[in-house]
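Engineer: Mind having a look at this structure? Questions to follow.
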Amino acid sequence: MDEQVRHFLLERFNAGDSIDQAYSDLLPILRGRAIPIDADEPEPEPDFVAYERAEGSGPPRFSDRIENYASREDDEDRYYLTNIRDLYNEFALEKFNKLKENGEKVLKRMTDILQLITLRRITRAFSELANWFEIRLERVKFEFASVVDEQWARIDITEEREDLSTSILYLQHRRSVLVSYNGRNLTRIDNRNHKEIAAFDLAFILQRLEQPLEELKFRIKPYEKNDRKLFPNLGVYSIIDSILRDYVHPYQIKTQCLNFMFTREQRFKDIDCEDCLDSENLMCILKYLEPGTLDCLALRVWDDAHVVTGWQHILTLLKLLLKCDMCNMIIMRPTILVTEQWKRLETLDIRDLYVFKDWARFTHLQRINLFSFSVREVRQARLIFKHFPPRREYQITVEEPMNLPGIHRAYPETNIHHVGGFPERINMILERYFQKPIVMEFTTNEVSVHVWNGNEDHLKMRNFLLNKFKKRVPIRLAHEYLVRWTSTLKYDLVEQVQPRVRIGNLPRERCCFFCEEPFEEFEDNESDRYRLTMVRDFYEEFADEFFASIENILQEKVDNILQLMFCRRLSKRCSERTKTTKTIEIQMEKLKVTIYPNKELRIYIRTKREWGRIIYFPKGPDTCIAYYWNEQDCPKAGVLYKTVVKNRMPCFLAASDLTFLIRRHSGILDELEFTLDTWRKTHPLEFPDISALEVFDEFFQASAKKCLETIPVQKLTFMFTREKRFQDPDSEEWQDSHALWFILKHLITENLATLALRVWDDKEVVNSEKYREKYERLKQIKIEGRLKMFMNDTITAMDQWRQRMTLDIRDDLLMKDWQQFTHFLEVQVKSMSIAEIDAALAVLLRNLTDDYGIQVDTSLPLNAIARHFQDHERNDDTLTIARTSFDNLIPVHIDFGKYRISLFVEQLL
């Protein structure tokens, strides 16, 4: 029984269950029950005693936070919480010591991270071990509710490249704290405050980060209808501050963005106070963040509309509104403005009505995000800019559309441009005595602010076009913007400003592997105020400078990679530069090509910390290309500006760009994926057109010098369709599988470690009127190979297919043809029935020469397997049977685990 209980608890530990959860599941079993405790029976409450630190023992340490489980005074219970704690401590030390011995210092799996956070409370030994590891997360969010009748805190942590977060909830229940993970695994901690427990866990997470967070967010639970009209207690910020002070060295926490929330409680407590004490809460977090890494600060104010209009505060609110406009707003205190973190900010996000726009303190920024920008606020900004001009050009992005006609009426001297009868842009120049004027350029949702140099025509025009170049505005559109911009000036520029001398002539002897891709020819129009070719020359100059800046530096920033892709299409000269310069290399983790039903294609680019995409979509006979980079931060990136390539289909341009990216990639690419967009209701009931794969094949062949195996990739993910099967239902051969040949033949065999195959989900299409009859006829044949795809002889004869690697066929529409799989190292499938296991062993035992593995997504029916194979041996959660290879009589041991079947060939001397 003891060994069974140990095995039971080990399963719970590996599943990530907490000690209390394992105790609750184990208790009914120990009491002779086959099922968990009924809902109407009282659930056993584990007694929990938190470790109390001795007084006068100095500042607390993480290793001091050990939570001891006490024994229950119930003779009926055989295993007490203390015993479970000891076993969990043994399991945890064994698991994490093994990770440490293997040098796995950085934990990436959420299960391991949660166990590290929770189990460090068991004993001092594991607490000290936990401090050796580092964790990799993308975002951390701390949210809390702190009013009289609701006390809780929650930490949401998000893994790298994941959208869904894992939540740790700390709920105050009388004198105890209930901790749960994603709504389960309830743990109770007695004689503790939930704020302290949550703050300690947050400090541990922030201290053990392996790389900077994308965002660290603090939020207060929104006011709800039945809540009491009170401000929440923000004491948790002070608790976090006191804990970080003990554990974190100055500037140790690395995050790219801090998103923080205030309340206005102090404003309504002291109406005559000139200093905004509410903003001081920000210092509890800001002072621990690393300057330079922190480039964005987002500030929000808790929505207190129902609280301040209550009888306790309504009179104070009226007094504040009568006193001045800014008296009811949050203003940054001087203690914040003098910090290095504030001085080195790049972006300030204050999309909130109650954060004061202190323009005199914003001159060092590069980007400001606002919720609204009224005519009155424009007037205030104008007055400030005249005395405190921006140190560099910066952009103001406004969420609500601005009132351009109202701004023009308030300042008639401004120039307003209309498109289709609607205002599109306003140019405003702020004159200053004996100083350079300030230029403010307004569009519906954006304002550009910079200092004007009225005497250097070349610099003015160059800076204007450089800004458009960095935004990837096409040459023709940049020329239009230049003409409109200069029409607003009070004085003319020199009529033809020439760019600086170009970098020396470039060699052009190398052949172009872009299949004679066309480049737009620019011709000047005599009626144009500024020549179009002049703008092209400026762009080529900017491209030369950009190429020079990235040479001999491995490029891992998606923005630079997209800028490189933009530059190579500017002109033939720029394309030649990208081909002849061998010192430009990029570093990517994954390239993904998605084919859409309307001839649209998308290339996704992922590096270590960023992602971007290039979209190719048809517009008549032409193709438009849009560049996106970190869409969550820049939702409009790539929408306004599209590069148009004349008389070329999207598949040709996408194939050209993909070939270029692969050629410029340094080292072996982690993953290359070709997939099809999921069918949607707006799509036609047809199979997607995959003829673009033939175009990719042509470009890959054109770029290869001597051999076809040219692309170093560790993993290829590929998606098929079943279109040809339904066009010719009587065919014995799967012609659809031939599509893989267009890509697989170009991969370097020795580098290929994983091949993942999928079939497009066509259930809506095959049940349509066009294909329903053929679909029903194929189902009646009842031959598995007629509906489920298998590889044809062309694929199975390829060297790449015969490579000893991992095959991933976790798809219900792919057939498990073990005759084709005998040479693989491992095969990954969704499920395996008893009949499928027999079929697999019948083939594998006839051909097996080396160890083999089958990984299964859904758990194997071990009990059924044990009944099927009577000669098995059972060891914990593993079944073992012994067999002999049919051909060479070599002993083979077959292990059945919960999610894996392993075949071990005994090596004979």
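The values are calculated or read from the model by the stated rules, or taken from the named source; none is laboratory data. Quick caveat: nothing in here was measured; it's all calculated off a predicted structure. No Cβ is skipped: glycine too gets one built from the backbone with ideal geometry, and neighbour counts run over all protein chains shown. Areas reflect the complete protein model, heavy atoms only, side chains present, ligands, DNA and RNA absent. Shrake-Rupley method; radii C 1.70, N 1.55, O 1.52, S 1.80 Å.
Engineer: Of the conditions (1) touching a helix residue (DSSP H, G or I) at 6+ places or on another chain (Cβ under 8 Å); (2) more than 27 Å from Gln115 (Cα to Cα); (3) open to solvent by less than 10 Å² (accessible area, probe 1.4 Å), Phe231 satisfies every one except a single condition; which number is it?
Structural biologist: All conditions pass for Phe231, except number (3).
To keep it simple, each residue is scored yes or no on (1) within 16 Å of Asn233 (Cβ to Cβ); (2) open to solvent by 20 Å² or more (accessible area, probe 1.4 Å); (3) of a type outside the set (S, T, N, Q); (4) at pLDDT below 85.
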| residue | (1), (2), (3), (4) |
| --- | --- |
| Gln256 | no, yes, no, no |
| Phe262 | yes, no, yes, no |
| Phe268 | yes, no, yes, yes |
| Asp272 | no, yes, yes, yes |
| Leu277 | yes, yes, yes, yes |
| Asn281 | yes, yes, no, no |
| Ile285 | no, no, yes, no |
| Leu289 | no, no, yes, no |
| Gly292 | no, yes, yes, no |
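Engineer: Further question on the same structure: Is it the case that some residue within the stretch 203-223 is in contact with a helix residue (DSSP H, G or I) (Cβ under 8 Å, 6 or more places away or on another chain) and over 18 Å from Leu258 (Cα atoms)?
Structural biologist: Taking every residue of the stretch 203-223 in turn, at least one turns out to be in contact with a helix residue (DSSP H, G or I) (Cβ under 8 Å, 6 or more places away or on another chain) and over 18 Å from Leu258 (Cα atoms).
Engineer: Select from the stretch 559-591 the residues that are farther than 23 Å from Ala478 by Cα and assigned to a helix (DSSP H, G or I) and write down the one among them that is most open to solvent (accessible area, probe 1.4 Å). Steps first, please.
Structural biologist: Start the filter on the stretch 559-591 by keeping residues that are farther than 23 Å from Ala478 by Cα, which leaves 579-591.
Next, from what is left, pick out any that are assigned to a helix (DSSP H, G or I): 579-580.
Numbers: Lys579: 12, Thr580: 31 Å².
Top of the filtered list is Thr580.
Engineer: Among the residues of the stretch 851-860, is there at least one that is open to solvent by less than 50 Å² (accessible area, probe 1.4 Å) and among the small types (Gly, Ala, Ser)?
Structural biologist: Here is the first cut: in the stretch 851-860, the ones open to solvent by less than 50 Å² (accessible area, probe 1.4 Å) are 852-854, 856, 860.
With among the small types (Gly, Ala, Ser) added as a condition, the list becomes 853.
Yes, that holds for at least one residue.
Engineer: Sticking with this one: Quick one: in the stretch 629-682, of everything that is modelled with pLDDT of 85 or more and among the basic types (Lys, Arg), which residue is farthest from Met588 (Cα to Cα)?
Structural biologist: Lys681
Engineer: Something else now. Could you please give the count of residues in the stretch 752-774 that are open to solvent by less than 40 Å² (accessible area, probe 1.4 Å) and either in a helix (DSSP H, G or I) or hydroxyl-bearing (Ser, Thr, Tyr) (or both)? Quick ask: steps written out before the conclusion?
Structural biologist: So the first thing to find is which residues in the stretch 752-774 are open to solvent by less than 40 Å² (accessible area, probe 1.4 Å), and the list is 752, 754-757, 759-760, 762, 765-766, 768, 771.
When the remaining residues are screened for being either in a helix (DSSP H, G or I) or hydroxyl-bearing (Ser, Thr, Tyr) (or both), the result is 754, 765-766, 768, 771.
Number satisfying all stated conditions: 5.
Engineer: So which residues in the stretch 816-850 are aliphatic (A, V, I, L, M), closer than 22 Å to Lys779 by Cα and open to solvent by 30 Å² or more (accessible area, probe 1.4 Å), if there are any at all? Walk me through how you get there before you give the answer.
Structural biologist: Restricting attention to the stretch 816-850, the residues satisfying the condition of being aliphatic (A, V, I, L, M) are 825, 827, 829, 832, 834-835, 837, 839-845, 848.
Add one more test, that the residue is closer than 22 Å to Lys779 by Cα, and what stays is 832, 835, 839.
Within the stretch 816-850, Ala835, Ala839 meet the criteria.
Engineer: Kindly indicate the residue of the stretch 137-187 that is farther than 28 Å from Lys608 by Cα and of a type in the set (S, T, N, Q) and also modelled with the lowest pLDDT among those meeting that condition.
Structural biologist: Asn185
Engineer: While we're looking at this one, here's another question. Of Ser731, Ser703, which residue is hydroxyl-bearing (Ser, Thr, Tyr), on the phi < 0 side of the Ramachandran plot and either open to solvent by less than 10 Å² (accessible area, probe 1.4 Å) or under 34 Å from the mean Cα position of the chain (by Cα) (or both)? Give the steps one after another, and end with the answer.
Structural biologist: Values: Ser731 fails: either open to solvent by less than 10 Å² (accessible area, probe 1.4 Å) or under 34 Å from the mean Cα position of the chain (by Cα) (or both).
Among Ser731, Ser703, only Ser703 is hydroxyl-bearing (Ser, Thr, Tyr), on the phi < 0 side of the Ramachandran plot and either open to solvent by less than 10 Å² (accessible area, probe 1.4 Å) or under 34 Å from the mean Cα position of the chain (by Cα) (or both).
Engineer: Here is a follow-up. When the stretch 599-613 is examined, which residues are found to be assigned to a strand (DSSP E or B) and either open to solvent by 20 Å² or more (accessible area, probe 1.4 Å) or modelled with pLDDT of 90 or more (or both)? Lay out the reasoning, then the answer.
Structural biologist: Here is the first cut: in the stretch 599-613, the ones assigned to a strand (DSSP E or B) are 601-606, 611-613.
Selection gives Leu601, Arg602, Ile603, Tyr604, Ile605, Arg606, Trp611, Arg613.
Engineer: Just checking, how many residues over the stretch 780-799 are in contact with a Leu (Cβ under 7 Å, 6 or more places away or on another chain) and at pLDDT below 85? Give the steps one after another, and end with the answer.
Structural biologist: In the first step, residues of the stretch 780-799 are kept if they are in contact with a Leu (Cβ under 7 Å, 6 or more places away or on another chain); the result is 786-789, 795, 798.
Going one step further and asking which of them are at pLDDT below 85, we end up with 786-789.
Result for the stretch 780-799: 4.
Engineer: Still on this model: Kindly list, by first and then second residue, each pair from a residue in the stretch 664-686 that is under 24 Å from Glu556 (Cβ atoms) and among the polar types (S, T, N, Q) to a residue that is in a loop (DSSP other than H, G, I, E, B) and open to solvent by less than 70 Å² (accessible area, probe 1.4 Å), limited to pairs with Cβ atoms under 8 Å and residues at least 6 apart or on different chains.
Structural biologist: Cβ pairs passing all conditions: Ser666/Gln587.
Engineer: In the stretch 359-389, which residues are under 35 Å from the mean Cα position of the chain (by Cα), modelled with pLDDT under 90, open to solvent by 40 Å² or more (accessible area, probe 1.4 Å) and not basic (Lys, Arg)?
Structural biologist: Correct list: Gln366 only.
Engineer: Tally time: how many residues in the stretch 239-265 are closer than 16 Å to Ile336 by Cβ and in a helix (DSSP H, G or I)?
Structural biologist: The number of residues fulfilling the criteria is 1.
Engineer: Another question, if that's okay. Within the stretch 800-836, restricting attention to residues that are modelled with pLDDT of 90 or more and of a type in the set (Asp, Glu), which residue is farthest from the chain's Cα centre (by Cα)?
Structural biologist: Out of the qualifying residues, it is Glu836.
Engineer: Within the stretch 109-149, restricting attention to residues that are β-branched (Val, Ile, Thr) and buried (at least 17 other Cβ atoms within 10 Å of the Cβ), which residue is farthest from Glu90 (Cα to Cα)? Can you show your working first?
Structural biologist: Of the residues in the stretch 109-149, the ones β-branched (Val, Ile, Thr) are 111, 113, 117-118, 122-123, 135, 140, 147-148.
Subsequent filtering for residues that are buried (at least 17 other Cβ atoms within 10 Å of the Cβ) retains 113, 117-118, 122-123, 135, 140.
Numbers: Ile113: 18, Ile117: 16, Thr118: 15, Ile122: 10, Thr123: 10, Ile135: 22, Val140: 30 Å.
Filtering the stretch 109-149 for residues that are β-branched (Val, Ile, Thr) and buried (at least 17 other Cβ atoms within 10 Å of the Cβ), the one farthest from Glu90 (Cα to Cα) comes out as Val140.
Engineer: Of the residues Asn455, Asn505, Asn525, only one is surrounded by fewer than 19 Cβ atoms within 10 Å (Cβ to Cβ) and either at pLDDT 60 or above or in contact with a Pro (Cβ under 6 Å, 6 or more places away or on another chain) (or both); which? Reasoning before the result, please.
Structural biologist: Details: Asn455 fails: either at pLDDT 60 or above or in contact with a Pro (Cβ under 6 Å, 6 or more places away or on another chain) (or both); Asn505 fails: either at pLDDT 60 or above or in contact with a Pro (Cβ under 6 Å, 6 or more places away or on another chain) (or both).
It is Asn525.
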